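Here is the structure we will look at.
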Amino acid sequence: MDQLQNMNFFASLILIFTSAAFTDNILLARFLGMCSCLAISKKVDNSIGLGGAVIFVTASTTAFNYLIYKYVLVPLGIEYLRLLIFIVIIAAFVQLLEMIVERFSEKLYYALGIFLPLITVNCAILGIALFMLNKPYSFWQAFAFGLGGGFGWFMAITLIGGIREKINESDLPKGLGGPAITLIIIGIMSLAFVGFSGMLKI
């Protein structure tokens, strides 16, 4: 019986991760985190770097915000402070990440530029933390949701970066360069991801 419960629990984690990454993709289905995506996705390397940073911050802060909300804000009756508290926690993790990236990959640090500290106000990260509150998740399920949401954003920006690199080698009609063609790409990709909607409801 315990083994069956463990299997069901791990299956729920996989389903939550898959749902957050594909059927409810934070960038391509909810269009959050679009500004940093447009600015950084010019090259695959930069997209991978920023996407990896978003995975780390999203997974860590979603889990930590869950604990703070459930065991501090709710018992004290101050749930209305969740937005402020969540932003402070995200800012702290981003500061930690910024120091790590600067220490171990100076090239990536300068390539990401202002958008690394701006992860603090990336609406995708805050959105995932807030969406988590509307779901009856345990701690590990909340972590899987945050990890899946971050991975979905990483996957989307990496795919967009790869397509943009290829397009930059082509002659585009006047007026379609830069953000215009990028938004068209995102729109087409969004149609594919929105097609997953309803397949998984966790």
key: Net charge dipole size for the chain [Lys, Arg +1 and Asp, Glu -1 on Cβ; Debye, nearest 20]   = 260 debye
query = To one decimal place, what Kirkwood hydrodynamic radius in Å is obtained for segment 95-180 from all pairs of distinct Cα atoms?
reply = 15.8 Å
Carbon/sulfur fraction of accessible area - segment 1-160, other protein chains in place, 1.4 Å, % = 70 percent
Sequence-separation-based contact order of the chain, relative, with Cα cut under 8 Å and 6+ spacing, percent = 44 percent
task = Whenever you get a sec, line up ILE160, ILE78 from highest to lowest accessible area (probe 1.4 Å, protein heavy atoms).
result = ILE78, ILE160
remark   = With the charge dipole of the chain built from beta-carbon charges (+1 for Lys and Arg, -1 for Asp and Glu) about the Cα centre, the Cα from PHE31, ALA142, ILE90 projecting farthest to the positive end belongs to PHE31
request  = Can you tell me the 0 to 90 degree angle between the C-alpha axis of helix 82-104 and the longest principal axis of the chain, rounded to 10?
outcome  = 60 degrees
message = Ranking request for peptides 34-46, 137-149: highest mean number of other beta-carbon atoms within 10 Å first, then the rest in descending order.
response = 137-149, 34-46
inquiry  = Could you order the peptides 68-75, 21-28 from most to least packed, using the average number of other C-beta atoms within 10 Å per residue?
reply    = 21-28, 68-75
request  = Counting only heavy atoms of the protein chains, get the accessible area per residue of segment 15-168 (1.4 Å probe) and round it to a whole Å² value.
outcome  = 46 Å²
ask   = Residues with beta-carbon under 12 Å from that of ILE163, excluding ILE163: net charge, scoring Lys, Arg +1 and Asp, Glu -1?
value = +2
key: Percent RCO, i.e. relative contact order, over segment 53-169, from Cα pairs under 8 Å lying at least 6 residues apart   = 45 percent
inquiry  = Taking just the alpha carbons, could you work out the radius of gyration and Dmax for the chain, both in angstroms?
reply    = 18.0, 65
query = By how many degrees, 0 to 90 and rounded to 10, does the Cα axis of helix 2-18 deviate from the longest principal axis of the chain?
reply = 30 degrees
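Can you tell me the dipole magnitude for segment 42-127 around its Cα centre, using point charges on the Cβ only (Lys, Arg +1; Asp, Glu -1), in Debye to the nearest 20?
Its charge dipole is roughly 120 debye.
The values are calculated or read from the model by the stated rules, or taken from the named source; none is laboratory data. Worth saying up front: this structure is predicted, and the values here are computed from it rather than measured. Using ideal geometry, Cβ is built from the backbone for each residue, glycine included, and neighbour counts are taken over all protein chains shown. Quick note on the areas: whole protein, heavy atoms, side chains included, nothing else; ligands and nucleic acids left out. Shrake-Rupley method; radii C 1.70, N 1.55, O 1.52, S 1.80 Å.
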